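For reference, the structure is listed below as structure tokens.
The values are calculated or read from the model by the stated rules, or taken from the named source; none is laboratory data. Note that the structure is predicted; figures quoted are calculated from it, not measured. Cβ atoms come from the backbone with ideal geometry, glycine included; neighbour counts cover every protein chain shown.
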Amino acid sequence: MSSVGIKKCESYRIEDVKNAFKELFTGLDKDKIKDKKILIFFDYPFPNYVILDYVINFLKEEGASKISVGTSLFIEPIPHELMNTFSENNVEFTDFRQSQYERLDVPYRKNKRPEHFRGFAVMSPVQYAEEKSLEKIEQTNVRTMKNVLLPVSLTDSDFVVPIIKMKDSPIFKIGGFVNSMLYLVPTITRGEIFVNMLEAKHIESVLEIFNIFSERTLFGIVDGIEGDLSQKEELNRMQVLLFSTDLLSLDSLTSVLIGFRSSEIETNKVGDVFGFGKGLLQNIELYGDNFEKVRKDIVKNLKYANEIGKRRSNIPHIAKTDPTKIKKAMDFCPTGAIEEKDGEFSINKDKCIKCNFCVQIAHEIFKLK
């Protein structure tokens, strides 16, 4: 079992944040922090600056020898509050896109035998014994990628503390910590991942990178809910904090909080099978505030609660042309499915993976049928 703490804050004032983390940090091995170099990783949409400030000061108080922060994806300038937080704390800021990269070998993993298609429950005692004995046979070591490029600023750190924003959005199917890996790696590695898509192995590839990242993780934090990635609306900005040393469990819990079953998210399910963390809700122990009450409060106000079916199946279409906004969405598209030719824009259906990043970035341009 993995554990995840959940706290709903009245506000993000420093005292409320401090009290929340006091309970969330219960059980954290603080001795690991002393004399260590720690990198705080965040991405867009940006976490609240009070939370970043608190985490930086917490790590300092626990004796970290060096603290740096880094991010790899911008579609908007970083807010002044965040940059001031870094400068006031004498923390080095790193843009991973400008970083040097180090090539790391991808560890092998066991090729798991699937359960018998009829299920163990309907087998005779003899059949059951045969199937269980096969499970004990040494399985072939496998991997989909031989090596991966990661930023040197990350590989030089002893630990990473990733912080992401929970999103009320039709893009969540590829959101969370696992798919943040797509923006930690350079284009050459991303290209290899999407080549593996041809053999339906891109989920495995992303998880293999995630495994390298999560093994370097001290703990992860999920910060509240952002109602709209364009930040044009003040919707559903809920002060909910999640904490765990298991990033896959955090992905699982956030998917449930915004209306999915944890098993619906393929990276949760496959990551759990691979042993990269606990990705299914039934394998996670919760502490802190009452989960059902927090979930009820969140789900009833979700902007995209009635869009869940659309998240699975629809390919967006371009409802009107606005080159500036379309090009901004192109920067977000992980597969390059938004294409331009002779000034005309289109969506390549063979490349589109239905992540719906474009819908959230420019919802007046990209529509779901």
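Figure legend. Inter-residue proximity from segment 349-369: first residues among the polar types (S, T, N, Q), second residues surrounded by 22 or more Cβ atoms within 10 Å (Cβ to Cβ), beta-carbon distance below 6 Å, spacing 6+ or different chains. Indicated pairs: 356/170; 360/169; 360/229. Cβ separations smaller than 6 Å between residues 6+ apart or across chains give the following pairs from segment 97-113 residues that are among the aliphatic types (A, V, I, L, M) to residues that are modelled with pLDDT of 85 or more and outside any strand (DSSP E or B): 106/143; 106/145; 106/208. Flag: residue 325 does not match the condition of being surrounded by 17 or more Cβ atoms within 10 Å (Cβ to Cβ), in contact with a Ser or Thr (Cβ under 7 Å, 6 or more places away or on another chain) and either at pLDDT 90 or above or not hydroxyl-bearing (Ser, Thr, Tyr) (or both).
Is segment 165-173 home to any residue that is at pLDDT below 90, buried (at least 19 other Cβ atoms within 10 Å of the Cβ) and either touching a Ser or Thr at 6+ places or on another chain (Cβ under 8 Å) or in the same structural domain as residue 351 (by TED's automatic domain parsing) (or both)? Yes, that holds for at least one residue. Would you check if residue 37 is within 30 Å of residue 190 (Cβ to Cβ), surrounded by fewer than 17 Cβ atoms within 10 Å (Cβ to Cβ) and at pLDDT 95 or above? Against the criterion (within 30 Å of residue 190 (Cβ to Cβ), surrounded by fewer than 17 Cβ atoms within 10 Å (Cβ to Cβ) and at pLDDT 95 or above), residue 37 qualifies. Of the candidates 176, 224, the single residue that is closer than 18 Å to residue 276 by Cα, at pLDDT below 85 and not acidic (Asp, Glu) is 176. Within the option set 110, 36, being within 29 Å of residue 149 (Cβ to Cβ), of a type outside the set (A, V, I, L, M, F, W, C) and touching a Leu at 6+ places or on another chain (Cβ under 9 Å) holds for one residue only, 36. Scanning segment 1-18 for residues that are loosely packed, with under 15 Cβ neighbours inside 10 Å and under 17 Å from residue 238 (Cβ atoms) yields 10, 11, 13. Restricting attention to segment 179-198, the residues that are modelled with pLDDT of 85 or more and in contact with a His (Cβ under 7 Å, 6 or more places away or on another chain) add up to 2.
Looking at segment 19-41, is at least one residue among the small types (Gly, Ala, Ser) and free of Cβ contacts under 8 Å to residues at least 60 places away in the same chain? So far as segment 19-41 goes, yes, one or more of its residues are among the small types (Gly, Ala, Ser) and free of Cβ contacts under 8 Å to residues at least 60 places away in the same chain. Scanning segment 340-357 for residues that are within 13 Å of residue 321 (Cα to Cα), surrounded by 12 or more Cβ atoms within 10 Å (Cβ to Cβ) and not hydrophobic (A, V, I, L, M, F, W, C), we see that the one that is modelled with the lowest pLDDT is 340. Specify the residue that is farthest from residue 107 (Cα to Cα); the eligible residues are those in segment 139-161 that are in a strand (DSSP E or B) and touching a Phe, Trp or Tyr at 6+ places or on another chain (Cβ under 8 Å). If we take residues in segment 139-161 being in a strand (DSSP E or B) and touching a Phe, Trp or Tyr at 6+ places or on another chain (Cβ under 8 Å), then 161 is farthest from residue 107 (Cα to Cα).
Just for segment 95-121: of the residues that are at pLDDT below 90 and among the hydrophobic types (A, V, I, L, M, F, W, C), which one is surrounded by the most Cβ atoms within 10 Å (Cβ to Cβ)? Looking at the filtered set, the residue picked out is 96. Condition test on residue 253, is it assigned by TED's automatic domain parsing to the domain that holds residue 30, modelled with pLDDT of 85 or more and either surrounded by fewer than 19 Cβ atoms within 10 Å (Cβ to Cβ) or in contact with a strand residue (DSSP E or B) (Cβ under 6 Å, 6 or more places away or on another chain) (or both)? So residue 253 fits the description; yes. Within segment 248-293, the set of residues being under 15 Å from the mean Cα position of the chain (by Cα) and of a type in the set (Gly, Ala, Ser) comprises 249, 252, 255, 262, 271, 277, 279.
Of 22, 32, 60, 36, all but one fail to be farther than 19 Å from residue 165 by Cα and touching a Ser or Thr at 6+ places or on another chain (Cβ under 8 Å); the exception is 36. Inspect segment 52-62 for any residue being over 22 Å from the mean Cα position of the chain (by Cα) and aromatic (Phe, Trp, Tyr) and give the result as yes or no. Yes, because at least one residue in segment 52-62 is over 22 Å from the mean Cα position of the chain (by Cα) and aromatic (Phe, Trp, Tyr).
Go over the candidates 315, 298 one by one and state the one that is modelled with pLDDT under 90, part of a loop (DSSP other than H, G, I, E, B) and touching a strand residue (DSSP E or B) at 6+ places or on another chain (Cβ under 9 Å).
Exactly one residue qualifies, and that residue is 315.
Among the residues here, residue 277 qualifies as assigned to a loop (DSSP other than H, G, I, E, B), buried (at least 19 other Cβ atoms within 10 Å of the Cβ) and in contact (Cβ under 8 Å) with a residue 60 or more places away in the chain.
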